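**Q** First, the structure itself, so that you have it in front of you.
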Amino acid sequence: MIQRGNRLLTRRRAMAAGGAALLGVTGLSACGRTEAPVDEQGRVRLRFATDWRAQAEHGGFYQALASGAYEKRGLNVQIVQGGPGVNVPQLLASGAVELGMGSNSFIPMNLVAAGAPVKAVAAFFQKDPQVLIAHPDPALESIADLAGRPFLLADASISAFWVWLKARYGFTDDQVRKYTFNLAPFLADERAVQQGYLTSEPYTIEQEAGFEPKVFLLADEGYPSYAAMVLAPNAFARDNAAALRSFIAASAEGWRDYIRGDASAADALIRKDNPEMTQPILDQAREKLRQNAIVDGGDAALFGLGAMTEERWKAFFDVTSQAGVYDPSLNWRDAFTDNYLPGRG
């Protein structure tokens, strides 16, 4: 059962750290009119592509759909599920969707580096749920205590959060071992450290390996990436500003209610879109999002759900550019805008 559960929960993680496969995104036009279509009831039609199959990490968007938060703001929203082989930037570039989901701050920054006119316009996870997982050990109190241990990392992670880990803790590339989204190597080595997602792998290990692992949330030790971002092409945002503001406001309402209210209607839609998803998985994931203030902590506690700040984006760019991921001359401010957040504009 370990392999099946691990496959169900973690296939998205191979994509989550990347955003490097940006073929075609430079085809997005920065000029010309791009008004969204209107349905027969006069509602603006918006297609929103998620970064993987329906799950609790998309719950606020499904809540806004289930509760009518989009509809009451004059929107007709369709959530387009991600999955294997689905590339959100390519969907945006081709016009297959109007809006898309960015899994972490590397994605909009990579888009800037590729010259693609797309920005993050809201961040509904103030903390990236990326974690490091170790076997139970009372000597492990922080990420710094993982020095010298082997790290099981996917290829995409090596050019993403591993960059921050090396800069912050002095870890070295010779500690890296190949992670194939199979728990067996981790379980076989009590000193091993495995990458994971707060809402996924720890639960799988508990349920199927029979012990509670030690879990370190990178964000709690300063990792500056946002997650669950809304991405919008610049021209689309320019020509549909009112609809975009309405989408973000409704999504914020949805996330508030999904985390703090009755999530049953949203969960029903999630399970309909993704029959592999189970209610226990959704319940534990939502509880971890709540307990760790993933949605409503950080900047959101000060400025409202979806908030982003220049300080956070600069901190992210500083550490990644200093590590050689981005050219120091890159205009990192092109990766985001807060002009469409509630209370702005």
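The values are calculated or read from the model by the stated rules, or taken from the named source; none is laboratory data. Being a predicted model, the structure only gives us computed values, none of them experimental. Quick reminder, even Gly has a Cβ in these numbers, built from the backbone with ideal geometry, and neighbours come from all protein chains shown. All accessible areas refer to the heavy atoms of the entire protein, side chains included, with ligands and DNA or RNA removed. Shrake-Rupley method; radii C 1.70, N 1.55, O 1.52, S 1.80 Å.
**Q** Which of Glu98, Glu141, Glu35 ends up with the largest GNM mean-square fluctuation for the chain, with Cα atoms connected below 10 Å?
**A** Glu141
**Q** Same structure again: Using only DSSP helix segments of four residues or longer, with each worth -39500 (n - 2.57), what per-residue ellipticity at 222 nm results for the chain after dividing by its residue count and rounding to 500?
**A** Mean residue ellipticity, 222 nm, calculated: -10500 deg cm²/dmol.
**Q** Modelling each spin label as a point 7 Å along the Cα-to-Cβ direction, I'd like the Glu71/Asp155 distance in nm, to one decimal.
**A** Computed distance between label sites Glu71 and Asp155 equals 4.5 nm.
**Q** Report the local net charge at Ala265: Lys and Arg +1, Asp and Glu -1, summed over other residues whose C-beta lies under 14 Å from its C-beta.
**A** In short, -3.
**Q** I need the phi-derived Karplus couplings for the stretch 36-47: 6.51 cos²θ - 1.76 cosθ + 1.60, θ = phi - 60°, integer Hz, Gly and Pro marked x.
**A** So the J values, rounded to whole Hz, are 5, x, 10, 7, 5, 8, x, 8, 6, 8, 10, 9.
**Q** If you take the beta carbon distance between Asp39 and Asn339 as r and set R0 to 35 Å, what does 1/(1 + (r/R0)^6) give as a FRET efficiency, to the nearest 0.05?
**A** E between Asp39 and Asn339, to the nearest 0.05, is 0.85.
**Q** Ignoring ligands, DNA and RNA, what percent of the accessible area of the chain is carbon or sulfur (1.4 Å)?
**A** Details: 6730 of 13600 Å².
Here it works out to 49 percent.
**Q** Run down the lysines and flag those whose C-alpha is under 24 Å from the C-alpha of Lys119, throwing out any fewer than 8 positions away in its chain.
**A** Those lysines meeting the cut-off are Lys127, Lys314.
**Q** Moving on. Need one number: nm distance between label points at Ser142 and Ala293, each 7 Å from Cα along Cα→Cβ, rounded to one decimal.
**A** 1.8
**Q** Under the 0.36 nm per residue contour assumption, what length would be gained going from the current alpha-carbon distance of Glu311 and Gln279 to full extension?
**A** 7.8 nm
**Q** Applying a 10 Å radius around every beta-carbon, put 161-170, 223-232, 192-201, 107-116 in order of their mean neighbour count, most first.
**A** Working: 161-170: 17.5, 223-232: 25.7, 192-201: 24.2, 107-116: 22.3.
Averaged packing, sorted descending, gives the order 223-232, 192-201, 107-116, 161-170.
**Q** For every other residue with a beta carbon closer than 12 angstrom to the beta carbon of Ser159, add +1 if it is Lys or Arg and -1 if Asp or Glu, then tell me the sum.
**A** Around Ser159, the surrounding residues sum to -1.
**Q** Sticking with this structure for a sec: For the stretch 36-170, what is the relative contact order in percent, using Cα pairs closer than 8 Å and at least 6 residues apart in sequence?
**A** 21
**Q** Dipole of the stretch 159-239 (Lys/Arg Cβ +1, Asp/Glu Cβ -1, origin at the Cα centre): which of Ala167, Pro202, Tyr226 lies farthest to the positive side?
**A** Result: Ala167.
**Q** Using the Cα centre as the reference, give the magnitude of the dipole from point charges on the C-beta atoms of the chain (Lys, Arg: +1; Asp, Glu: -1; all else neutral), rounded to the nearest 20 debye.
**A** 660
**Q** Please list the non-local residues whose amide H lies under 5 Å from the amide H of Gly306, H modeled 1.01 Å from N, same-chain partners needing a gap of 5 or more.
**A** Ala123
**Q** With a 1.4 Å probe and every protein chain left in place, work out the accessible area per residue of the chain in Å², rounded to a whole number. If you can, show how the numbers build up before the last one.
**A** On the way: 13600 Å² over 345 residues.
With all protein chains present, the chain gives 39 Å² per residue.
**Q** I'd like the antiparallel share, as a percent to the nearest 5, of DSSP beta bridges with both residues in the chain.
**A** Once the DSSP bridges in the chain are tallied, antiparallel ones form about 60 percent.
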